[in-house]
Amino acid sequence: MDSVHSRLDSARHAPLTLVVVGASGDLAKKKTFPAIFSLFYHDLLPDDFVVYGFARREMSDEEFREMILGTLTCRVIDGAKCAERMDAFLPRCFYHKGTYHDPATFASLDEAIVANFESRLTESVANRLFYLAVPPSVFAPSAEGVNDSARAKGNGWTRVVVEKPFGRDSASYATLRSALGAVLSEDEIYRIDHYCGKELVQNLMTLRFANAVFEPIWNRHHVESVQIVFKEPFGVEGRAGYFDNIGIVRDIMQNHLLQVFALLAMEPPVSLHAEDIRNEKVKLLRSVLPLAADDFALGQYAATADGKPGYTEDDGVPAGSRCPTFASCVLKVNNARWAGVPILIKAGKALDERVAEVRVQFKPVAGDIFGGRPSRALANNELVIRVQPDEAIYMRIVSKVPGLTSRMEEARLNLFYRHAWEESKDIPDAYERLILDVIQGEKSLFIRDDEVEIAWDLFTPALTEMEAEDSSVVPEAYPYGSAGPANSDMLAEKHGVRWSERA
Ligand code: BG6
């Protein structure tokens, strides 16, 4: 945390109000409050700060504190310190009842912040961070309320955090973009993709550009395929109201997995400056060929004999829903580095395990002197970057088995975080990293408006084709808890690739 502390120094003395709009919702309770508390626990918030919860329901400050107390956890198990920090944190939390569409309630929030906090400060500059943990339908009115009535005073900054879904296609994103752009500058908008805050995703650039060994082989001459996989072992369970309108392509692929792909495949940026990194991501995404329906394999989980529910049995799923809970697709990149290399992406719910990982599969050895290799695993080296669970980076290689034998077996060059780093016991949650970056004005992990636009332009034609009334694309049923539908294997085969076995 040392460099984090030093980067914070310039910001740490400026007083800060963190307003969580939508404070009683799921995102706020599961992610936002625990992350803010953890920053406080690790002494990473400015000395003077308050947290305001803003939502529609009636709640006293005391009830609000009770509510967030139930959400707070400490990563490092130190019961006494944890309790002491919670006791110090809660009195800084206040609640303000408001309606997202009503500018008057943002004006009264502003008055409350001034009266309770800013008027008592000796500093002349006080900043305000608004975290919009609300459905996208109220992003625009909330941003308007902030702009009209609740901006930071004088030279203080105002920053607004929003989280996907940023629309559901190119056209709806354009509407949202102009609504937010009318009241906030691009500098003030922080679009979160929490995958960018995950430790291993952050390490992609370091791995690629701080080591000499990877870049020379990171291209179509040496890489046979790339696979980016997200699997969850549970279904939508209660989130069908949100999910059925979205589907797995919009929920995971168009954002989380595309971001991982961008960091993995972009050219080296000129510097670590946010604009340089995001320029490279945008340049790469512009080189991806537009996707069509036949670049996808879709699936939907079905009930199993041992009582696991099918997707359509979830409350809130309309009968006969064709919403995909599984999708794989192949990205084709038309640039000098990646032309001809299939980039396979897979995302699914209710599968056989929880994992998010990248597999870079290298071409077989040219002029192999070892003769036929007994298994595919021995034919291709593979670099595995396991984002979760149990963060790891390892290379699958071939090795001679020790002893009086010439037998070869697969072995690993292994960077298993849990064993390698003492710090891995205390890996910050993605939201913690990202909220800290908002406070510091560091934008490299946030998504720029043109990035979202290109991401939608890539996926919208295929989504429109697949979702048309008369579309022949029907998600293939796969049993809850299985490896997914067979059409995903067929899609990979069509591109001369096989999904890697987990190893
Ligand atoms: C969210 C999706 O963005 O990411 C969820 O909406 C998904 O459907 C979640 O479960 C996965 O995030 P993580 O961090 O648990 O891998």
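May I ask you to list pairs of residues, at least six apart or on different chains, whose Cβ atoms are under 9 Å apart, with the first in segment 241-261 being touching a residue at least 40 places away in the same chain (Cβ under 8 Å) and over 19 Å from Ser444 (Cβ atoms) and the second being basic (Lys, Arg) and within 11 Å of the ligand (Cβ to nearest atom)? Correct list of pairs: Phe243/Lys349; Ile248/Lys349; Arg250/Lys164; Asp251/Lys164; Asp251/Lys349; Ile252/Lys349; Gln254/Lys164. So, of the residues in segment 325-351 that are within 16 Å of the ligand (Cβ to nearest atom) and outside any strand (DSSP E or B), which turns out to be surrounded by the most Cβ atoms within 10 Å (Cβ to Cβ)? Looking at the filtered set, the residue picked out is Thr325. Exactly one condition in (1) more than 26 Å from Glu186 (Cα to Cα); (2) free of Cβ contacts under 8 Å to residues at least 12 places away in the same chain is false for Ser137; which is it? Unmet for Ser137, out of (1) more than 26 Å from Glu186 (Cα to Cα); (2) free of Cβ contacts under 8 Å to residues at least 12 places away in the same chain: (1).
State whether the residues of segment 146-161 include one that is within 16 Å of the ligand (Cβ to nearest atom), at pLDDT 95 or above and either among the polar types (S, T, N, Q) or under 25 Å from the mean Cα position of the chain (by Cα) (or both). Steps first, answer last, please.
First, the residues of segment 146-161 that are within 16 Å of the ligand (Cβ to nearest atom): 161.
Retained after the next criterion (residues that are at pLDDT 95 or above): 161.
Subsequent filtering for residues that are either among the polar types (S, T, N, Q) or under 25 Å from the mean Cα position of the chain (by Cα) (or both) retains 161.
Yes, segment 146-161 contains a residue that is within 16 Å of the ligand (Cβ to nearest atom), at pLDDT 95 or above and either among the polar types (S, T, N, Q) or under 25 Å from the mean Cα position of the chain (by Cα) (or both).
Here Asn279 clears all of (1) touching a strand residue (DSSP E or B) at 6+ places or on another chain (Cβ under 6 Å); (2) outside any loop (DSSP other than H, G, I, E, B) except the condition numbered (1).
Can you spot a residue in segment 420-443 that is under 30 Å from Ala486 (Cα atoms) and either of a type in the set (Val, Ile, Thr) or not assigned by the TED database to the domain that holds Trp157 (or both)? Taking every residue of segment 420-443 in turn, none turns out to be under 30 Å from Ala486 (Cα atoms) and either of a type in the set (Val, Ile, Thr) or not assigned by the TED database to the domain that holds Trp157 (or both). For segment 193-238, the set of residues classified as assigned to a helix (DSSP H, G or I) and touching a strand residue (DSSP E or B) at 6+ places or on another chain (Cβ under 9 Å) consists of His194, Tyr195, Glu199, Leu200, Val201, Asn203, Leu204, Leu207, Ile217, listed by residue number.
Select, from Glu186, Glu215, the only residue that is in contact with an Asp or Glu (Cβ under 7 Å, 6 or more places away or on another chain) and surrounded by fewer than 18 Cβ atoms within 10 Å (Cβ to Cβ).
Details: Glu215 fails: in contact with an Asp or Glu (Cβ under 7 Å, 6 or more places away or on another chain).
After applying the criteria, what remains is Glu186.
Residues satisfying the criterion are absent from segment 203-220 (criterion: hydroxyl-bearing (Ser, Thr, Tyr) and more than 21 Å from the chain's Cα centre (by Cα)). In segment 296-313, the residues that are surrounded by 14 or more Cβ atoms within 10 Å (Cβ to Cβ) form Cβ pairs under 9 Å with partners that are charged (D, E, K, R) and in a helix (DSSP H, G or I), at six or more places apart or across chains, as follows: Ala297/Asp489; Ala303/Glu313.
Condition check: surrounded by 16 or more Cβ atoms within 10 Å (Cβ to Cβ) and either part of a helix (DSSP H, G or I) or in the same structural domain as Gln227 (by the TED database) (or both). Does Glu453 satisfy that? Criteria met by Glu453.
Going residue by residue through segment 230-237, is there one that turns out to be within 12 Å of the ligand (Cβ to nearest atom), surrounded by fewer than 16 Cβ atoms within 10 Å (Cβ to Cβ) and without any contact (Cβ under 8 Å) to a residue 60 or more places away in the chain? First the steps, then the outcome.
Of all residues in segment 230-237, those within 12 Å of the ligand (Cβ to nearest atom) come to 230-237.
Now restrict to residues that are surrounded by fewer than 16 Cβ atoms within 10 Å (Cβ to Cβ): 233-234, 237.
Keeping just the survivors that are without any contact (Cβ under 8 Å) to a residue 60 or more places away in the chain gives none.
No - not one qualifying residue is present in segment 230-237.
Taking the conditions (1) away from the ligand (no atom under 13 Å from the Cβ); (2) assigned by the TED database to the domain that holds Tyr311; (3) touching a Lys or Arg at 6+ places or on another chain (Cβ under 7 Å); (4) over 18 Å from Val341 (Cβ atoms) in turn, Tyr190 satisfies each one other than (2).
In segment 467-503, the qualifying residues are those that are part of a helix (DSSP H, G or I) and farther than 22 Å from Val333 by Cα, and the one that is nearest to the chain's Cα centre (by Cα) is Glu467. Ala126 fulfils the conditions (1) within 23 Å of Leu27 (Cα to Cα); (2) crowded, with 18+ Cβ neighbours inside 10 Å except for a single criterion, (1).
Just one of (1) more than 10 Å from the ligand (Cβ to nearest atom); (2) part of a strand (DSSP E or B) fails for Glu267. It is (2).
Quick check on this structure: which one of Val360, Val288, Val282 is at pLDDT 95 or above, under 26 Å from the mean Cα position of the chain (by Cα), under 19 Å from Val249 (Cβ atoms) and in the same structural domain as Val260 (by the TED database)? Write out each step before concluding.
On the way: Val360 fails: under 19 Å from Val249 (Cβ atoms); Val282 fails: under 19 Å from Val249 (Cβ atoms).
Checking each option against the conditions leaves just Val288.
Here Arg220, Arg208, Arg250, Arg286 are screened, and the one residue that is within 16 Å of the ligand (Cβ to nearest atom) and either in contact with a Phe, Trp or Tyr (Cβ under 9 Å, 6 or more places away or on another chain) or under 25 Å from Lys494 (Cα atoms) (or both) is Arg250.
Test Glu465 against the stated conditions and say whether it is without any contact (Cβ under 8 Å) to a residue 24 or more places away in the chain and assigned by the TED database to the domain that holds Ile246. Judged against the criteria, Glu465 is not a match. Against the conditions (1) at pLDDT 95 or above; (2) of a type in the set (Lys, Arg); (3) touching a Ser or Thr at 6+ places or on another chain (Cβ under 6 Å), Arg448 satisfies every one except (3).
The values are calculated or read from the model by the stated rules, or taken from the named source; none is laboratory data. This one's a predicted model, so the numbers in the text were calculated from it and none came from an experiment. Virtual Cβ from ideal backbone geometry, glycine too; neighbours counted across all protein chains shown.
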